[in-house]
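The values are calculated or read from the model by the stated rules, or taken from the named source; none is laboratory data. Being a predicted model, the structure only gives us computed values, none of them experimental. Backbone-built Cβ (ideal geometry, glycine too); neighbour counts: all protein chains shown. Please note that ligands, DNA and RNA were not included when accessible areas were found on the heavy atoms of the full protein model with its side chains. Shrake-Rupley method; radii C 1.70, N 1.55, O 1.52, S 1.80 Å.
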Amino acid sequence: MAFRSSAQTNVHFIILEKNNNHPIAFATLKAIAVEDSLHPVQKLTDSLGRCVLSLVSGKQYKILVTALNYKSFEKGIIVKGVEQSFTLIIEPQQSDIGNVTVTSTKPLMRQEDDKTIVEPEQLAAASTNAYEILEKTPGIFLDQDGNVYLSSTTPSVIYINGREMKMSTADIATMLKNLPPNAIAKIEIIRSPSAKYDASGSGGIINIVLKKGVKPGLTGSITASAQQGTYGNQVIGFTLNNNDGKKSTYINANVGKRNSYESIISDRRLNADTILSQNAFTKYASPFYYLGYGYSNSLSKNFDIDFSGNISYNTIDNNTWNSNKVSKSSTSSLVSDNLNTVNNMGHGFYTGNGLDTKLKLDSAGSEWTTNLFYSYSSNVNEQRYFNNFNFPISAGFGGDGTNTSRRNYGVFKSDIKLKMKNRFTFEAGTRLSYMKFRSLADYYLGNGSNRKVDVTRSNGFDYTENINAAYIQGAKTLGKNFVLKFGVRAENTNMKGDQFIPKDTSFSIHRTDFFPYIYLSKKVMSIAGYELRAYLVYRRTLNRPNYEFLNPFPRYIDQYLFESGNPSLRPQFSNNYEANISVDERPLLAIGYNKTKDIFTNVIYPADSGRLVRTYDNLGSNKEIYFRGLGAIPPGKKYFFVVGAQYNHSFYEGLYNFQALSYKRGTWTLFTYHQLKLGKLSQFTLNGFVRFKGLQQFYELGNFGSLTATINRQFFQQKLVVTLSVNDIFYTNKNDFSIDQANIKASGTRFADSRRFGINLRYNFGIKKKEEGNNMFNIEAP
């Protein structure tokens with residue numbers, strides 16, 4: 001292993017396309033010293049076509065640039081003792097790409113400033129939607145309720161194209177399951193967001209960036225897939241992109257039906273000598289329709305506009321059968337036996353549209369961006385339930401009802417970035433958001449002439465939220481390779497809830513908070529041409545309860561349990577500290593510490609008539625330490641893999657159901673991704689995770705995990721890609737759970753229709769621009 005000389009100089013490169021001066025993202029830049037060709041220095045350009053190489057002063061280098069669908073470029077340079085900048089212009093590949101085999105060397109994950117970039121191409125080939133891509137991404141964990149976790153035990157926030165969705169967990173999961181996998185350009189993982197981002201990101205941010213017609217000409221794909229477990233899923237869709245170099249448009253659509261099941265078997269102690277045994281089986285059926293669209297235009301050399309939006313609609317028809325048996329533990333005698341059936345039918349609608357503008361202020365990278373976004377969603381759910389008692393007497397009762405909710409959400413955002421002298425970058429911005437939510441529930445007991453209003457479940461709730469924010473942030477490069485970024489964000493929060501049925505439980509919150517941010521980055525050394533860089537990050541964040549957590553509407557589960565929000569829930573505040581190391585922009589090691597006060601989480605409390613309520617409450621404080629390690633062989637060769645591990649240790653102190661709480665637990669998570677090329681036209685992938693001693697909202701989980709395998713093959717000059725897959729091969733993604741807090745003692749197991757065999761067909765096509773010489777169909781490289 002050769003160690004580099006310390007007499008090095010940063011050399012800046014910008015890679016642009018010859019025809020329109022557009023930056024070339026993810027181009028490979030390799031610097032080969034004339035006198036030492038065995039140790040080249042290599043990096044990828046970022047999304048703006050920029051790259052910085054640390055080269056030895058006084059030496060002569062050959063610079064080689066390669067990029068997908070572009071001609072190779074070579075240039076000789078001599079490195080001086082001061083920082084230098086080069087702008088390199090490369091030409092698009094004009095040959096028939098139908099007869100060209102291109103090997104991509106993009107890493108699956110790379111570090112770019114304070115965020116990790118995931119290139120989803122390899123994951124999309126084995127996925128049917130965006131939700132499955134997140135499941136396969138190393139280091140991202142999704143629980144069975146759809147929450148997404150990064151470093152912390154607090155769920156992360158989901159963004160699409162840089163916009164927070166402000167939706168419930170279930171609604172976001174539904175949207176991601178509707179989103180086609182090949183519509184995603186990249187995924188940004190931001191574990192400690194800067195002051196530029198909303199403070200409500202204590203669990204980190206996952207930003208899904210969609211494709212916007214980046215290839216010249218008309219390109220697209222048609223996909224069809226099916227998965228079969230106990231029940232089957234079917235999806236068909238297409239994407240279409242058109243780019244003439246100045247304007248680009250895209251449209252993607254998905255239509256399908258998802259069928260699955262979930263089973264929960266549990267025992268709960270009602271008192272010292274009485275146990276409730278439940279066996280619940282739920283079948284889910286949900287047809288869905290999704291349409292995404294966008295238009296972008298460079299109105300001038302310095303001004304761009306971008307409009308994008310999507311529409312989704314889904315229906316549900318879910319049926320639950322729940323067997324309940326109450327018995328005496330001392331004598332094993334049966335006290336009660338009944339069957340509870342619940343049918344939920346309904347539909348959900350969502351649309352979101354945004355307009356972005358960008359004004360380039362100079363050639364150094366200064367810019368002014370604005371964003372206007374509006375979304376509307378509505379959900380209607382009709383529920384019917386019936387309780388049939390078999391012992392000690394034969395009897396039955398039931399009820400029905402309708403819950404309707406509507407949400408309007410609007411955001412205005414404006415940011416400015418100035419590249420100033422002495423390598424200083426100044427950023428500032430403002431953000432205004434407003435949301436209005438209404439929920440109406442009308443429930444009845446009995447049927448026919450005996451039907452009467454269920455006053456315990458009929459509910460009306462209004463919620464409004466207005467957040468006004470502003471931030472300033474600066475970044476300074478000190479010396480050769482030390483970067484300091486610092487900033488502060490101020491957020492003014494105004495929340496108001498009004499429950500007008502059955503009684504007034506109004507609340508109002510008005511407060512202003514400040515959230516500092518500090519980021520340090522320094523090159524430690526170069527080893528065999530690979531840069532080793534260290535990072536230190538601090539950020540104060542908060543987690544506001546959303547309308548789903550605040551809505552007091554009691555949702556019926558069975559005669560022993562219901563769900564309800566908590567209008568008195570307070571926001572939680574966290575301080576996050578993280579140190580990490582990357583090698584050649586690939587994350588390697590990280591250690592972090594989170595301290596949270598007023599932490600809120602899902603809890604179970606005793607309610608009326610022996611029932612339990614599953615709700616949310618502020619419990620006290622949590623101190624969490626985590627460690628994360630990641631290793632990989634870079635892609636581009638025959639075999640490529642990523643393997644990693646994460647450890648989380650949590651310590652809770654506070655009150656649970658008015659009783660003192662002091663609780664500690666450590667959790668290990670191992671994850672991996674492997675890819676093996678089987679010749680030029682096929683590849684095999686294997687990915688999975690295993691979690692030891694899991695913890696989910698005070699439920700202690702047993703060991704569980706999942707292993708997924710896929711194999712694909714290209715046909716018809718690489719235009720058709722056929723993928724076969726098996727999810728959860730050994731059917732190990734099952735949660736054995738237990739809880740023993742305050743007066744709540746329960747245990748059981750939870751599993752779903754997770755083992756599935758699937759087939760995915762994708763046909764790629766493209767029509768070259770007229771000036772390229774023909775109108776023949778050519779492939780869009782998978």
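TRP321 exposes around 110 Å² of accessible area when a 1.4 Å probe is run over every protein chain in place. Using a probe of 1.4 angstrom and keeping all protein chains present, the accessible surface of the chain works out to 43 square angstrom per residue. Taking a straight Cα-Cα cut-off under 25 Å and skipping sequence neighbours fewer than 8 places away in the same chain, the lysines within cross-link reach of LYS677 are LYS30, LYS43, LYS71, LYS106, LYS136, LYS186, LYS637, LYS638, LYS719.
Dividing the convex hull volume of the alpha carbon atoms of segment 326-405 by its residue count gives 160 Å³ per residue. Applying both filters, DSSP loop and at most 14 other Cβ atoms within 10 Å, to the trypsin sites (Lys or Arg not before Pro) of segment 464-548 gives LYS480, LYS503.
The residue list TYR656, THR667, LEU339 was ranked by how far each Cα lies along the charge dipole of the chain toward its positive end, using unit charges on Cβ atoms, and THR667 comes out on top.
When the chain is described by a simple charge dipole with +1 on each Lys and Arg Cβ and -1 on each Asp and Glu Cβ, the residue from LEU16, LEU588, PRO545 located farthest towards its positive end is LEU16.
Of the residues LEU686, LEU655, the one with the largest accessible area comes first in the ranking LEU655, LEU686, computed with a 1.4 Å probe on protein heavy atoms.
Set Lys and Arg Cβ to +1 and Asp and Glu Cβ to -1, take the dipole of the chain about its Cα centre, and tell me which of TRP321, THR230, ALA607 lies farthest positive. Sorting the options by dipole projection puts first THR230. Per-residue ellipticity at 222 nm, computed for the chain from helices alone with -39500 (n - 2.57) per DSSP H run of at least four residues, works out to -500 deg cm²/dmol.
What you get for segment 256-350, charging only the Cβ of Lys and Arg (+1) and of Asp and Glu (-1), is a dipole of about 160 debye around the Cα centre.
The share of accessible area on the chain that comes from carbon and sulfur is 58 percent, using a 1.4 angstrom probe.
Excluding residues on the same chain fewer than 8 positions from LYS80, give the aspartates and glutamates whose Cα lies under 17 Å from its Cα. The qualifying aspartates and glutamates are GLU35. Geometric descriptor of segment 485-548, per residue, is 97 Å³ (volume of the convex hull of the Cα atoms). Here the Kirkwood formula puts the hydrodynamic radius of segment 405-504 at 17.9 Å, using every distinct Cα pair. Packing, taken as the mean count of other beta carbons within 10 Å per residue, orders the peptides 446-452, 342-348 from highest to lowest as 342-348, 446-452. Just one of (i) 88, 67, 56; (ii) 79, 63, 56; (iii) 91, 54, 50 is Cα extents along the principal axes in Å calculated from these coordinates, so which is it? Among (i) 88, 67, 56; (ii) 79, 63, 56; (iii) 91, 54, 50, the one derived from this structure is (iii).
Between LYS186 and VAL209, the built amide H atoms are under 5 Å apart, and every one of these is 5 or more places off in sequence or on another chain.
The packing ranking of peptides 702-708, 738-744, highest mean first, is 702-708, 738-744, where packing means the average number of other beta carbon atoms within 10 angstrom of each residue. For the listed residue pairs LYS328/LYS664; LYS419/LYS597; LYS211/LYS257, the alpha carbons are over 30 angstrom apart in LYS328/LYS664; LYS419/LYS597. Rolled with a 1.4 Å probe across the full set of protein chains, the surface gives HIS39 an accessible area near 50 Å².
The rule of thumb for compact globular proteins, 2.2 N^0.38 Å, goes into the C-alpha radius of gyration of segment 488-592 1.72 times.
When peptides 723-733, 109-119 are sorted by average Cβ neighbour count within 10 Å, with the highest value leading, the order is 109-119, 723-733. Just so you know, the Cα atoms of segment 129-183 work out to an Rg and Dmax of 10.7, 30 Å.
For segment 360-387, backbone nitrogen atoms closer than 20 Å to the point 7 Å from LYS419 Cα along Cα-to-C-beta are found at 360-370. Temperature 25 °C, viscosity 0.890 mPa s: under these conditions the Stokes-Einstein estimate for segment 43-82, based on its Kirkwood radius over C-alpha pairs, is 209 µm² per second.
A simple charge model with +1 on the Cβ of Lys and Arg, -1 on the Cβ of Asp and Glu and nothing else charged puts the dipole of the chain at about 1620 debye relative to its Cα centre.
Relative to the dominant Cα principal axis of the chain, helix 169-178 is inclined by about 50°.
Note that segment 517-660 shows a convex hull volume over its alpha carbon atoms of 165 Å³ per residue. In the chain, Cα pairs under 8 Å separated by at least six residues give a relative contact order of 10 percent.
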